[in-house]
1. I'd like to check something: does the stretch 118-131 contain any residue that is assigned to a helix (DSSP H, G or I), buried (at least 17 other Cβ atoms within 10 Å of the Cβ) and either on the phi < 0 side of the Ramachandran plot or more than 16 Å from the ligand (Cβ to nearest atom) (or both)?
2. Mind listing whichever residues of the stretch 231-287 are surrounded by fewer than 17 Cβ atoms within 10 Å (Cβ to Cβ), in contact with a strand residue (DSSP E or B) (Cβ under 6 Å, 6 or more places away or on another chain) and of a type in the set (A, V, I, L, M, F, W, C)?
3. Could you list, in sequence order, all residues of the stretch 81-95 that are surrounded by 22 or more Cβ atoms within 10 Å (Cβ to Cβ) and either on the phi > 0 side of the Ramachandran plot or not polar (S, T, N, Q) (or both)?
4. Cβ-Cβ distance below 8 Å, separation of 6 or more or different chains: which pairs start in the stretch 4-32 with a residue that is more than 15 Å from the ligand (Cβ to nearest atom) and end on one that is at pLDDT below 95 and part of a loop (DSSP other than H, G, I, E, B)?
5. Determine which member of the set MET173, MET210 is surrounded by 20 or more Cβ atoms within 10 Å (Cβ to Cβ) and free of Cβ contacts under 8 Å to residues at least 60 places away in the same chain.
6. Which number in (1) under 28 Å from ASP369 (Cβ atoms); (2) under 25 Å from the mean Cα position of the chain (by Cα) marks the one condition that ASP325 misses?
7. Condition (residue is surrounded by 21 or more Cβ atoms within 10 Å (Cβ to Cβ), of a type outside the set (Phe, Trp, Tyr) and farther than 22 Å from ILE82 by Cβ) applied to the stretch 345-359: is it met by at least one residue?
8. Can you tell me how many residues within the stretch 4-51 are under 20 Å from ARG86 (Cα atoms), of a type in the set (A, V, I, L, M) and surrounded by fewer than 22 Cβ atoms within 10 Å (Cβ to Cβ)?
Amino acid sequence: MEPGIENYKLNKDLFGDDFVWGISTAAPQIEGSCDSDGRGKSVWDVFTEIKGKVLNGDKPTTTCDFYNRYRDDITLVKQLNIPNFRFSIAWPRIMPSGTGNVNQAGIDYYNQIINYCLELGIEPWVTIYHWDLPYALEQKGGWTNREIVNWFGNYVRVCADNFGDRVKHWMVMNEPAVFTGAGYFLGIHAPGRTGIKNFLPAIHHSVLCMAAGGKILRERLPDAEIGTTFSCSYIEPYSEKDKDVAAAKRADAMINRLFIEAVSGMGYPDDVSVFKEIENYMLPGDEKLMAFDFDFIGIQNYTREIVKSAFWVPYIGAKLVKAEDRNVPITSMKWEVHAPAIYHAIKQFNAYPQVKKIIITENGAAFPDVVINEVVNDTERLTYLQDHLSQVLRAKNEGCKVAGYFVWTLTDNFEWAEGYHPRFGLIYIDFSTQQRIIKASGHWYGDFLK
Ligand code: GAL
């Protein structure tokens, strides 16, 4: 057992007055109303129409109807004493075909959200890109087309110019490793492309976009705090054998190091030999264009992975040993519950001198909640959050530059290829009636933040 703070002693004051507390969401998972008010199609709208791509054929067309219920839901954020609300802007709502025309109804919508947050004294934290690429751009090659650096830059300018007078905290991108890996290599997320020839250019172009987006925001909004977010899972080798240790090192390069090192001016890690081929997509001067000094790095951790050597797995020669086969506690996502993972993830990112500040922009868990007499007693989620927070505190007390924590997520919602079955919310949603019930974990977070 690794050390932590005992949960009953957990107290917000231990984190200091400046520590940022919040809750995270993403447009494609909560908004619904995919065809309303001039919104264009996103890659997820199209992907979810393909049979077999999403569990149970679930679609994001309504989800928890945040598009229409945003006032009620932001009021709940207030009721839970949460001072910071992270949400994303849907690119196809703002620019229905991805580039060119700006849809005023989309701008108005996000203005209403931002204004309502500010009216309630809640600070808006905006993610510019949380995976909902306009489908019109995917038809032109999407993330594999270098033109995306211009398309994305224009979109960032529109966001900065329309919302930057009130939004002070920005995240350029959400988890590029996931939307490139799952969407352009494994084909299990939108747009469903596979293969190294899609993956490598998608990686490079998302790095260029992240850095370009950061620069555009800084130029236009010099007082804003600018970050970007990365998925990270603490990696441990299956055994002490050299081959497993080496496999874990390669998996770590792919899962955790790839993007942070690229935007930090360190280039692509050479531990995975295929990353060398990214050079085929680089132009002279790109090294410089890849880097940006973000004010903060958002790290999003849910679990750890145990990695074993597997010579037959192409490019990486490694495989993840499933948590289910390891006889450990798991969530509805089949991810291991292992709180020290977040401590190690913070330590790992903290070690980069280029990282000025770390905010945990997502952490949370899906469990099969049950409603009994209008009450959801989600003790597993509650314990998960407390255990993880105590590990965040452990890292902070050791001097790590971790300065904030956002729970994933406000309400149950559309969990990508897993559809509606994993429930991550602090608030339960009955998807047939749209009734909301604050879970025990939500009440706890609200009391904790009081
Ligand atoms: C992250 C992602 C979120 C959410 C969460 C839980 O990877 O940014 O959108 O789905 O995982 O799986």
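1. So in the stretch 118-131, the residues assigned to a helix (DSSP H, G or I) come out as 118-119.
Checking the rest, the ones that are also buried (at least 17 other Cβ atoms within 10 Å of the Cβ) come to none.
Looking through the stretch 118-131, none of the residues is assigned to a helix (DSSP H, G or I), buried (at least 17 other Cβ atoms within 10 Å of the Cβ) and either on the phi < 0 side of the Ramachandran plot or more than 16 Å from the ligand (Cβ to nearest atom) (or both).
2. Matches in the stretch 231-287: VAL245 only.
3. Applying the first criterion (surrounded by 22 or more Cβ atoms within 10 Å (Cβ to Cβ)) to the stretch 81-95 yields 82, 85-95.
Correct list: ILE82, PHE85, ARG86, PHE87, ILE89, ALA90, TRP91, PRO92, ARG93, ILE94, MET95.
4. Filtered contacts from the stretch 4-32: LEU14/ILE5.
5. So the residue among MET173, MET210 that is surrounded by 20 or more Cβ atoms within 10 Å (Cβ to Cβ) and free of Cβ contacts under 8 Å to residues at least 60 places away in the same chain is MET173.
6. (2)
7. Within the stretch 345-359 (the criterion being surrounded by 21 or more Cβ atoms within 10 Å (Cβ to Cβ), of a type outside the set (Phe, Trp, Tyr) and farther than 22 Å from ILE82 by Cβ), the answer is yes, since at least one residue qualifies.
8. 1
The values are calculated or read from the model by the stated rules, or taken from the named source; none is laboratory data. Quantities reported herein were computed from a predicted structural model and do not represent experimental measurements. Here the Cβ is made from the backbone with ideal geometry for all residues, glycine too, and neighbour counts use every protein chain on show.
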